[in-house]
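Chemist: Before we start, here is the structure in question, set down as structure tokens.
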Amino acid sequence: MVRCWGRMSLVAAMILGGCGPSATKVEGTGAPPSVTGGCTGGPSQAAVSVLWENPRAASGNAQLPFGSALSSAWAVGASLSGLRGNCLVDTGSFRVVSDDIYPSSIAVANSTNLMYPPDRPEFRQLASVWWASSAQKMVSSLGADFSGFASVDVIAHCALSSNAYFSPTYREICLGYKSLGGGKYVWASDDGDVVVHETGHALNHELASTSALNSTGEAGALDEAIADYWALTYFGNSKIGEGFLAALGASLVRDAAASHQYPDDMS
Ligand SMILES: [Zn+2]
């Protein structure tokens, strides 16, 4: 597999298998917090809308053209619990305090109803945090201890072309985009597989020391595989990235149903 991002060598990035457009994002340089919370008595739980996995899966039509307008009919209701009550979208483990591309449209937790339609930036910010939080709960249910888990900033519209990553250094999940031209984008944050995969890196790094399970060499390959495993388990199907990765190239969608052996099937 090919890493395209030499300067991000310490970053647990998606392995996309090919080199897309060069990234402009430098990790840790996200927009400064645009919302600071600070209230007391904000809700501890709020209703949110999320896609089930990604637009292609949620629409029930795997052939949904990229760049299609996303319908609210494909979204389902969910409950984002564990909010800290500070009026930020902040569960203590995952939070939204900045947005590279939509800094003026950052969701705040000032209501128990945060159900935005899929064409709003707030929809993807909230869905990303909900997926991340839910994935953490899934792994917790297996007995993992996240009591010391330091908060991770989720950047739902990250200024990063054709990729996504978790940075253990800056405690941020950067969810990039694929530009289709004409002002249309496929967002990594609309693809739950990608969100859970990157969240999985954050969980993996918490459960194993970075010297044992880091993001380089064979340990990095294990990190990738386990992050994929969390996404596969969470959504309960064999394919990963039918939304975002497919937009980058159909061959990049990973399918656990495929039977390959190392190193015989390497190409
Ligand atoms: Zn990865």
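The values are calculated or read from the model by the stated rules, or taken from the named source; none is laboratory data. Being a predicted model, the structure only gives us computed values, none of them experimental. Using ideal geometry, Cβ is built from the backbone for each residue, glycine included, and neighbour counts are taken over all protein chains shown. We work out accessible area using only protein heavy atoms, side chains counted, and drop any ligands, DNA or RNA first. Shrake-Rupley method; radii C 1.70, N 1.55, O 1.52, S 1.80 Å.
Chemist: Yes or no: segment 239-259 includes at least one residue that is in a helix (DSSP H, G or I), more than 12 Å from the ligand (Cβ to nearest atom) and either of a type in the set (Lys, Arg) or within 14 Å of the chain's Cα centre (by Cα) (or both). Reasoning before the result, please.
Modeler: Restricting attention to segment 239-259, the residues satisfying the condition of being in a helix (DSSP H, G or I) are 244-248, 250-252.
In the following step, the residues that additionally are more than 12 Å from the ligand (Cβ to nearest atom) were identified as 244, 246-248, 250-252.
Still in the running and either of a type in the set (Lys, Arg) or within 14 Å of the chain's Cα centre (by Cα) (or both): 244.
So far as segment 239-259 goes, yes, one or more of its residues are in a helix (DSSP H, G or I), more than 12 Å from the ligand (Cβ to nearest atom) and either of a type in the set (Lys, Arg) or within 14 Å of the chain's Cα centre (by Cα) (or both).
Chemist: Can you pull out the strands (runs of 3 or more DSSP E) entirely within segment 101-218 that have at least 1 residues that are away from the ligand (no atom under 16 Å from the Cβ)? Spell out how you get there, then give the answer.
Modeler: Working: elements: 152-155, 164-167, 172-175, 177-181, 184-187.
The qualifying strands (runs of 3 or more DSSP E) are 152-155, 177-181, 184-187.
Chemist: Next question, about the same structure. Checking Ala69 against (1) under 26 Å from Leu160 (Cβ atoms); (2) at pLDDT 95 or above; (3) loosely packed, with under 15 Cβ neighbours inside 10 Å: exactly one of these is not met. Which one?
Modeler: Here Ala69 clears every test but (2).
Chemist: When you check Val108 against the structure, is it under 19 Å from Glu242 (Cα atoms), among the β-branched types (Val, Ile, Thr), open to solvent by 40 Å² or more (accessible area, probe 1.4 Å) and touching a residue at least 12 places away in the same chain (Cβ under 8 Å), yes or no?
Modeler: no
Chemist: Can Gly192 be described as over 22 Å from Asp99 (Cα atoms), at pLDDT 90 or above and open to solvent by less than 40 Å² (accessible area, probe 1.4 Å)?
Modeler: Details: over 22 Å from Asp99 (Cα atoms): no; at pLDDT 90 or above: yes; open to solvent by less than 40 Å² (accessible area, probe 1.4 Å): yes.
Answer is no for this residue.
So that you can scan it fast, the table gives a plain yes or no per residue for (1) more than 16 Å from the ligand (Cβ to nearest atom); (2) at pLDDT 75 or above; (3) hydroxyl-bearing (Ser, Thr, Tyr); (4) buried (at least 20 other Cβ atoms within 10 Å of the Cβ):
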position	(1), (2), (3), (4)
Gly17	no, no, no, no
Ala31	yes, no, no, no
Gln45	yes, yes, no, no
Leu64	yes, yes, no, no
Val89	yes, yes, no, yes
Arg95	yes, yes, no, yes
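Chemist: Please go through segment 77-87 and give me each residue that is open to solvent by less than 30 Å² (accessible area, probe 1.4 Å) and either modelled with pLDDT of 95 or more or outside any loop (DSSP other than H, G, I, E, B) (or both), ordered by number.
Modeler: Once the filter is applied, which keeps residues that are open to solvent by less than 30 Å² (accessible area, probe 1.4 Å) and either modelled with pLDDT of 95 or more or outside any loop (DSSP other than H, G, I, E, B) (or both), segment 77-87 yields Ala78, Leu80, Leu83.
Chemist: Farther than 23 Å from Ala57 by Cβ, touching a residue at least 60 places away in the same chain (Cβ under 8 Å) and out of contact with any Ser or Thr (no Cβ under 7 Å at 6 or more places or on another chain), is that true of Glu224? If you could, list the steps in order and put the result at the bottom.
Modeler: Details: farther than 23 Å from Ala57 by Cβ: no; touching a residue at least 60 places away in the same chain (Cβ under 8 Å): yes; out of contact with any Ser or Thr (no Cβ under 7 Å at 6 or more places or on another chain): yes.
In short, no.
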